[in-house]
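Visitor: Here it is, the structure, as structure tokens.
Derivation of every value follows stated rules applied to the coordinates shown; laboratory data play no part. Just so it is clear, the structure is predicted and the values come from calculations on it, not from any experiment. Note that each Cβ is placed from the backbone with ideal geometry, even for glycine, and that neighbours are counted across all protein chains shown.
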Amino acid sequence: MLDQHLLRSNLEEVRQALAKRRFQLDVSTLEQLEVRRKKLQIETQDLQAERNSRSKTIGKEKAVGNDIQPLLDEVANLGDQLKLNEQALEQVQAELDVILQAVPNMPHASVPVGKSEQDNVEVRRWGTAREMDFTAVDHVDLGEALGLLDFETATTIASARFVIMKAGIARLHRALIQFMLDTHTQEHGYTEVNVPYLVNADSLFGTGQLPKFAEDQFHIEKQGLYLIPTAEVPVTNMARDKIIPAEQLPVKYVCHTPCFRSEAGSYGKDTRGMIRQHQFEKVELVQLVQPGKSYEALEQLTGHAEAILQKLELPYRVVALCTGDMGFSAAKTYDLEVWLPGQGKYREISSCSNFESFQARRLKARWRNPETGKPELLHTLNGSGLAVGRTLIAVMENYQTKDGKIRVPGLLQAYLGGLTIIG
RNA sequence: GGAGGGAUGGCAGAGCGGUUGAAUGCACUGGUCUUGAAAACCAGCAAUGGGGAAACCUGUUCGAGAGUUCGAAUCUCUCUCCCUCCGCCA
């Protein structure tokens, strides 16, 4: 949610910033509603003040034993009038809220302007693809040939977009999680947390998945809970309605969870393999920082995610998303794209974003600024560090051998009891 | 699932239908004292919104929502969450 003061005072500026991300702000409707809001609010407040002072007088008169009936007669109509005003005001504010909740974050000045994925800007590249004296296959062919990936059975158990991993692959998958958590806690200063995988609607609203993206969520109606689409939701919501002391900042959490996505809008997209699943695992990095430090933190957090790829010696590139390709809540996003020899291209494996105060405003996630002594909104950030399923794919495809096996990256061998090859 | 108890400021914890946004304690901030610190003492200290150039005026909030009333933290109803005991259970 954007700052309402900013909207009122710099509506045109906000409109232009949002236009860069191809969002059309309905300026005239907003202006009209704002005029009505202001008028109604002033009137309502005046009536409330009137009621309050009259009631106080009645109390005093009654206390000294005077006849209060004349006073009661005077205020007879006040209540009805007040109620009408309050209802009208509530109505206008509800209309404003509906509009405002659907407004995305404003892109940071440093974000490249563009329409789509095509306009994203490559920031840097790391590593080079291994030379292979054979034709690389993708993880599906590789995994199915080894009998260690089973999409068909998963489909009969659940539906499309699920997978069963077995033996060496399942173990490699688990090792990756362990490796990522260890790296982030021991080398990057994150605190490991384990959180609920089911959350309520307030939590999804807080991080921006609701109300606009209800279709993307798995919803358990009976209990009114949702399966988390990412650990970002429960972890960032740990700060909801809290005022965090300045000395505890920055808060840095790392969290491994499964993630559940309905993929409602992606029928026919990435239907092959493990790239896009209804259920996948992710190690997520979340930071809560002072407003002045969030861009510095974004660079660091992105570096923390990159470190995993570097340790696994997986070639990747860092891409700054353009205004048209960024997510709803983000002010700036870097994607990490890993090289997949089976597809012959770079594919997203991490997305690192600074949300500035956009989520914090919805969450009421604040810190106490020692300079003012007042609570102020935090800045929130998160990034995948990394998406485990896609990392597994990357390891499989980059470390495949001519005879269809998978070498285990050096640093991972310790997590697999010294195993050097799978298959 | 059955029975009971509860939800108040950063925390703990009082609260009569009427100058209660809310006693008190802790924490925090400033001051006195001290070589310094502690202790003691004094003072301050909820959040959030609207109007206004400002001074300042004013609204809302005691788990959430509805109701009674001139007036609700206080009374009524509904819901949510938490706790205790019993049952079931990884």
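Visitor: On a 28 Å Cα-Cα criterion, which of the cross-link pairs A:20/A:374; A:20/A:212; A:38/A:364 come out too long?
Guide: Working: A:20/A:374 34 Å; A:20/A:212 20 Å; A:38/A:364 24 Å.
Exceeds cut-off: A:20/A:374.
Visitor: Something else now. Arranged by the count of other C-beta atoms within 10 angstrom, fewest first, what order do A:134, A:23 take? Intermediate results must be reported in sequence, preceding the final value.
Guide: Numbers: A:134 10, A:23 18.
Placing the least packed residue first, the sequence is A:134, A:23.
Visitor: Right, next: If the cut-off is 17 Å between C-alpha atoms, which aspartates and glutamates fall inside it for residue A:222, apart from same-chain ones fewer than 8 positions away?
Guide: Once the sequence-local aspartates and glutamates are set aside, what remains near residue A:222 is A:202.
Visitor: Within region A:237-295, how many Lys pairs that are eight or more residues apart, or on different chains, come under 21 Å at the alpha-carbon?
Guide: Values: A:242/A:252; A:242/A:293; A:252/A:282; A:252/A:293; A:269/A:282.
Lysine pairs satisfying the spacing and distance rule in region A:237-295 number 5.
Visitor: Could I ask something else about it? Give the residue from A:400, A:251, A:224 lying farthest towards the positive end of the charge dipole for chain A; charges sit on Cβ (+1 for Lys and Arg, -1 for Asp and Glu) and the dipole is referred to the Cα centre.
Guide: It is A:400, whose Cα lies furthest towards the positive end.
Visitor: Looking at region A:198-269, which GluC sites (Glu not before Pro) are DSSP coil and have at most 11 other C-beta atoms within 10 Å of their C-beta? Before the final figure, lay out the partial values.
Guide: Working: sites: A:215, A:221, A:232, A:247, A:263; in loops: A:221, A:263.
Of the GluC sites (Glu not before Pro), the ones in loops of region A:198-269 whose Cβ has at most 11 other Cβ atoms within 10 Å are A:221.
Visitor: Counting only DSSP beta bridges with both residues in chain A, tell me the antiparallel percent, nearest 5.
Guide: On the way: 53 of 58 bridges.
Here the share of antiparallel DSSP bridges comes out near 90 percent.
Visitor: Could I ask something else about it? Which loop-located trypsin sites (Lys or Arg not before Pro) does region A:192-287 contain, where loop means any DSSP state but H, G, I, E or B and the Cβ has at most 13 other Cβ atoms within 10 Å?
Guide: Filter output for region A:192-287: A:222, A:269, A:272.
Visitor: Which of A:106, A:70, A:5 sits closest to the plus end of the dipole of region A:1-142, meaning its Cα is farthest towards the positive end, when Lys and Arg get +1 and Asp and Glu get -1 on the C-beta?
Guide: Towards the positive end, the residue furthest out is A:70.
Visitor: How big is the gap, in Å, between the Cα center of region A:202-265 and the Cα center of region A:122-141?
Guide: 34 Å
Visitor: When a footprinting reagent is the concern and you count Cβ atoms within 10 Å, what order do A:121, A:193 take, fewest first?
Guide: Values: A:121 12, A:193 16.
If I rank by nearby Cβ atoms, fewest first, I get A:121, A:193.
Visitor: In whole angstrom, note down how far apart the Cα centers of region A:370-423 and region A:1-43 are.
Guide: Result: 42 Å between the Cα centres.
Visitor: With +1 on each Lys and Arg Cβ and -1 on each Asp and Glu Cβ, and nothing else charged, work out how big the dipole of chain A is about its Cα centre, in Debye to the nearest 20. It would help to have the intermediate numbers written out before the result.
Guide: Details: 49 positive and 55 negative charges, 87 e Å.
It comes to approximately 420 debye.
Visitor: May I pose another question? Please label the shape of region A:289-357 as rounded, prolate or oblate, based on the square roots a ≥ b ≥ c of the eigenvalues of the alpha-carbon gyration tensor (a/c under 1.5 means rounded; beyond that, a/b larger than b/c means prolate, else oblate). Mind showing how you got there, number by number?
Guide: Numbers: a/c = 3.66, a/b = 1.59, b/c = 2.31.
Oblate, since a/c reaches 1.5 and b/c is not below a/b.
Visitor: For chain A, what does the relative contact order come out to in percent, with C-alpha contacts under 8 Å and a separation of six or more?
Guide: Values: 772 pairs, mean separation 84.5, N = 423.
Once divided by the residue count of chain A, the mean separation gives 20 percent.
Visitor: Another question, then. Can you check what the net charge comes to around residue A:381, using other residues whose Cβ is under 14 Å from the Cβ of residue A:381 (Lys, Arg +1; Asp, Glu -1)? Spell out each step's value before the answer.
Guide: Values: positive: A:252, A:293, A:332; negative: A:232, A:284, A:296, A:299, A:356.
Around residue A:381, the surrounding residues sum to -2.
Visitor: Give the order of A:339, A:126 when sorted by the count of other beta carbons within 10 angstrom, beginning with the fewest. Walk me through the numbers on the way to the answer.
Guide: Values: A:339 24, A:126 15.
Fewest to most other Cβ atoms nearby, the residues stand as A:126, A:339.
Visitor: Next question, about the same structure. What is the local net charge at residue A:108, summed over the other residues whose Cβ is closer than 12 Å to its Cβ (Lys, Arg +1; Asp, Glu -1)?
Guide: Numbers: positive: A:20, A:21, A:332; negative: A:356.
My count for the surroundings of residue A:108 gives +2.
Visitor: While we're here: In region A:39-131, which GluC sites (Glu not before Pro) fall in coil by DSSP and have 10 or fewer other Cβ atoms within 10 Å? Write down the numbers at each step before the final one.
Guide: Numbers: sites: A:43, A:50, A:61, A:74, A:86, A:90, A:95, A:117, A:122, A:131; in loops: A:131.
Sites meeting the loop and neighbour criteria: A:131.
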